[in-house]
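Below you'll find the structure, written out as structure tokens, and then a few comments.
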Amino acid sequence: MKIITLTRYIHSPGYTLGVLVSPGFACWTLERPWLDNQPSVSCIPPGEYIAAPDPTGRYKFFTVRNVPGRTGIEIHPGNVVENSQGCILLGRSNRWVGGHPRLLDSLDVCLEMKAKIREPFILRITAAMESA
């Protein structure tokens, strides 16, 4: 099974910013801050999860499975952290607006990933540095 890595670089009280990388594909990620894995308000814990294309989910891109104590985690388009209810947002680049990151070209990146990744994969989430 293919491994796709999400490396989290910035952990702040308001958001988590990282980079998602697989062969031939890379993009920025934006997630909720770490709040003890609380549903809808926290990013998920670092670790390895099974993720897969999901044509039936709310956003119809990818679902992340086997997250302890959580369900309904998706990888989907969104520009600001408020667009995530504990999910992983993708973007081609980011811009800082009012001290907060905003993802750009999110839908395009999600459509590109969906076209390139058609099978389940291992999502490996790691942290590159401590809190900002």
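Details
- First in segment 1-26 and closer than 14 Å to GLU112 by Cβ, second anywhere and outside any strand (DSSP E or B) and of a type in the set (A, V, I, L, M), Cβ under 8 Å, 6 or more apart: ILE4/ILE117; SER22/ILE117; PHE25/MET113; PHE25/ILE117
- Residue in segment 78-99 that is more than 21 Å from GLY57 (Cα to Cα), touching a Gly at 6+ places or on another chain (Cβ under 8 Å) and not charged (D, E, K, R) present: no
- Looking only at residues in segment 21-48 that are among the polar types (S, T, N, Q) and under 13 Å from the mean Cα position of the chain (by Cα), the one that is surrounded by the fewest Cβ atoms within 10 Å (Cβ to Cβ) is SER42.
- Number of residues in segment 75-113 that are surrounded by fewer than 17 Cβ atoms within 10 Å (Cβ to Cβ) and under 23 Å from ILE3 (Cβ atoms) equals 3.
- Among the residues of segment 114-129, those identified as in a loop (DSSP other than H, G, I, E, B), surrounded by fewer than 15 Cβ atoms within 10 Å (Cβ to Cβ) and touching a strand residue (DSSP E or B) at 6+ places or on another chain (Cβ under 7 Å) are ARG118, ALA128, MET129.
- Segment 49-69: number of residues that are surrounded by 17 or more Cβ atoms within 10 Å (Cβ to Cβ), assigned to a strand (DSSP E or B) and of a type in the set (D, E, K, R): 0
- Taking the criterion of being surrounded by fewer than 16 Cβ atoms within 10 Å (Cβ to Cβ) and farther than 16 Å from GLY78 by Cα, the residues of segment 11-20 that qualify are SER12, PRO13.
Bear in mind that the values in this text are calculations on the coordinates, not laboratory data. Since this is a predicted model, take the numbers as computed values, not measurements. Because the Cβ atoms are built from the backbone with ideal geometry, glycine has one as well, and the counts that use them run over all protein chains shown.
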